[in-house]
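> Sharing a structure here in structure tokens format.
The values are calculated or read from the model by the stated rules, or taken from the named source; none is laboratory data. As the structure is a prediction and not an experimental result, all values here were calculated from the model. Cβ: placed from backbone, ideal geometry, glycine included. Neighbour counts: every protein chain shown. Heavy atoms of the whole protein, side chains included, go into the accessibility calculation; ligands, DNA and RNA do not. Shrake-Rupley method; radii C 1.70, N 1.55, O 1.52, S 1.80 Å.
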Amino acid sequence: LDDTFCVLSALYLYDKKLIDGAVLSSVAHMLTQVETNIGGPYTTWLVSKSKTKRWQDVDIVVNSNIGYFLSLQKITLPNLQTYFSESLQNHAFTSPYYPSSYPLLYFLSRFYTDKNIIKKLVIAQRDELDTWGNPLHTAFAILTLLNTDVSCDYVLPSIQSLLQTQKDGQWESYSFCIDPKRNGNTYYAGSSALTTSICLAALQRYL
């Protein structure tokens, strides 16, 4: 569902006409097949319910990308909103697919109504150098804060720090998501292109 709803959002942002009634009908049918309660949250994988528990997980990042697509359609699901609210208040917002909370908080900040909770969580993780550990996390944090209506002046030191970490117009690779374990070892995925694109998105949003 993560891939599916990111693609649906991208297509809608490119051309709203691509997401017509037939597509929305298919989306509604798909979601009802994987809902844990009426109106969410939803399990991650589009597989038969007869599959093992491993394939029946409920992930907050996946549900955030579902929620974002629905928000583009002006659809708000109370049960999904409750799931997000309780997860944030209880700090139960880790994901087996992401090594940090920064992508999640950014994904939520695009549409979640109680942005004050997200703002507090991001600010609480800020270090004394106005960064969040590495350029990728810092860029996600900047985007999140700007989505929650923090002033540009507040993130200016972080923007300046971000600019200082680039080399020849690009940034280094950092861990973005987690690959499946192999032989008991955890592997992380990321790339210089991904870090650079998120950093550029933060700079563009700031400007």
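> For the chain, modelled as a Gaussian network with Cα springs under 10 Å, which listed residue fluctuates most, Ser25, Ser87, Ser95?
Ser25
> To the nearest 20 Debye, how big is the dipole of segment 1-150 about its Cα centre, given +1 on the beta carbon of each Lys and Arg and -1 on that of each Asp and Glu?
On the way: 12 positive and 13 negative charges, 61 e Å.
Magnitude of the dipole: close to 300 debye.
> Once you list every other residue whose beta carbon is under 14 Å from the beta carbon of Cys6, what net charge do they have if Lys and Arg are +1 and Asp and Glu are -1?
Around Cys6, the charge tally is -2.
> Additional query: Taking Lys167 as the anchor, which lysines have their alpha carbon closer than 19 Å to its alpha carbon, excluding any fewer than eight residues away along the same chain?
Partners within reach: none.
> Let me ask something additional. How much net charge surrounds Phe140 when only the other residues with a Cβ under 13 Å from the Cβ of Phe140 are counted, with Lys and Arg +1 and Asp and Glu -1?
Every neighbour counted, the sum reads +3.
> Which value, in Å² and to the nearest 10, is the accessible area of Asp179 when all protein chains are kept and the probe is 1.4 Å?
60
> Scan around Tyr98 for amide H atoms under 5 Å from its own, H built in the peptide plane at 1.01 Å from N, and keep only partners 5 or more places away or cross-chain.
So Tyr98 has HN proximity to Ile178.
> Give the carbon-plus-sulfur fraction of the accessible surface of the chain in %, rounded to a whole number; probe 1.4 Å, heavy atoms of protein chains only.
54
> Report the accessible area of Trp45, computed with a 1.4 Å probe over the heavy atoms of all protein chains in place, in Å² rounded to the nearest 10.
90
> Additional query: In terms of Cα to Cα distance under 21 Å, which lysines are near enough to Lys17, apart from those fewer than 8 places away along the same chain?
Answer for Lys17, where 21 Å is the Cα cut-off: Lys74, listed by chain and number.
> Find the accessible area per residue for the chain; the probe is 1.4 Å, ligands and nucleic acids are left out, and the unit is Å².
55
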